[in-house]
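Since every read-out is calculated from the coordinates, none of them should be taken as a lab result. Every value quoted in this text rests on a predicted model; they were computed, and no experiment measured them. Glycine also receives a Cβ, built like all others from the backbone with ideal geometry; neighbour counts cover every protein chain displayed.
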Amino acid sequence: MYFYELFSHADRFTHRTQILSNATFVLILCTTLTFLPPFLLTYYTGDFWLQELIYSEQPVVDQTNYILQTLNNANNQFFASSYSTLNENFQNSLVSTAENKMPFDTDGDGLIDQFQTTFDLTFADSTTQISSLNIWLLFQFQLSRKQYINMETMALISFVSPATLTPGSNQNITIYGDLTFEQRKPIQNSGSDATYNTPIIDTTSSSLSPDLNLILDNYFVRNYYTSYQTQYISMAPRTTTVDTTKLTVNIIVNVGRQAIRYRPGFWQAFKWGWIQYICVLIPFMMIFNRLKVFVFSNQIVRTSVPLPKHRHQA
């Protein structure tokens, strides 16, 4: 009759010794070398405890106000804004401006992805030469997936005319770009932050003109702000030539998903560190387990080994 091996198992031996003995020292040493080196190895090779991660989010954005400045070749400034107080302060250089803004949800997700703003600037003279153009578009900007952040931000759009530009040249300027979220430090994993939910431009004072350069300096040192990344600029003749004192400027602001740096929570960082530790620990456990079997089974250190129960019965 043919027999085959159905099941097998090794005898389990129990090694006994006194508390203060060489065997106890060897066991403590093997246990320490099993668990401590994997931790030190994963810790000092870097990225054991996550300090920063990146996620993507589509912000909620709403365009609120604008400021427009133009310079001619004689360094004369023309000014326009949606703030009545600022218009009074700059009334000597005020230029008549008509604004038309349209938000678009291009992908149908319920969030605004693009703002198209048109400015029609009417000058007193059709021969006014325009050398540069600065436009501040102000937005209410919200993030909510991790830390809730609500703040007022802006897009600073600069245009320098490559040639002589006058309202009489009948030009239609279109500037395309992206609104980008900028960070000087990661946001938190949870909570809320309304530190910058204050007006960028203080319009409460009607007696003094604000220092626009100082406003820009303070804005671009914030921990969180937005910038306008210009993609390209096109200049084309206007379709109508009725008013030769008018200059048309179109601003296209695309608002896409933002890559946002954040600090992970404790359990997220712990989970990542634990996975790394276990991956290194398993080989150490296998090696030192075999080492302990070799040391104790060969009686390299003296222990007492009672025989298994089934051998006594035999």
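Axis of helix 266-297 versus longest Cα principal axis of the chain: the two differ by about 20°, to the nearest ten degrees.
Which residues make up the longest stretch of the chain that has no GluC sites (Glu not before Pro) in a DSSP loop with at most 14 other Cβ atoms within 10 Å? No qualifying site falls inside 53-314, the longest such stretch. Of the chymotrypsin sites (Phe, Trp or Tyr not before Pro) found in region 13-64, those that fall in a DSSP loop while having at most 15 other beta-carbon atoms within 10 Å are Phe13, Trp49. What's the FRET efficiency of Lys101 with Ala194 using the Cβ-Cβ distance as r and R₀ = 25 Å, to the nearest 0.05? According to the calculation, E is roughly 0.50.
Here r is the Cβ-Cβ distance between Tyr232 and Ile282 and R0 is 51 Å; the resulting FRET efficiency, rounded to 0.05, is 0.40. A value for P(r) over Cα pairs in 20 Å bins from 0, in percent was derived from the coordinates, and within the list [x] 24, 38, 27, 9, 2; [y] 23, 55, 21, 1; [z] 23, 33, 16, 15, 11, 2 it appears as [z]. Per DSSP H run of n ≥ 4, the term is -39500 (n - 2.57); total these for the chain, divide by its residue number, and report the mean residue ellipticity at 222 nm rounded to 500 deg cm²/dmol. It lands at -7500 deg cm²/dmol.
Annotation for region 95-109 versus region 258-279: alpha-carbon center distance of 40 Å. Contact order, relative form, for region 53-262: 30 percent (alpha carbon pairs under 8 Å, 6 or more residues apart, mean separation divided by residue count). Maximal additional length on extending the Ile54-Phe39 stretch stands at 2.9 nm, based on 0.36 nm per residue less the C-alpha distance. For the chain, the longest principal axis of the Cα atoms and the long axis of helix 22-44 meet at an angle of about 20 degrees. Once R0 is set to 51 Å, what does the formula 1/(1 + (r/R0)^6) return for the Cβ-Cβ distance between Trp267 and Ala163, expressed as a FRET efficiency to the nearest 0.05? Efficiency computed from Cβ-Cβ geometry: 0.25.
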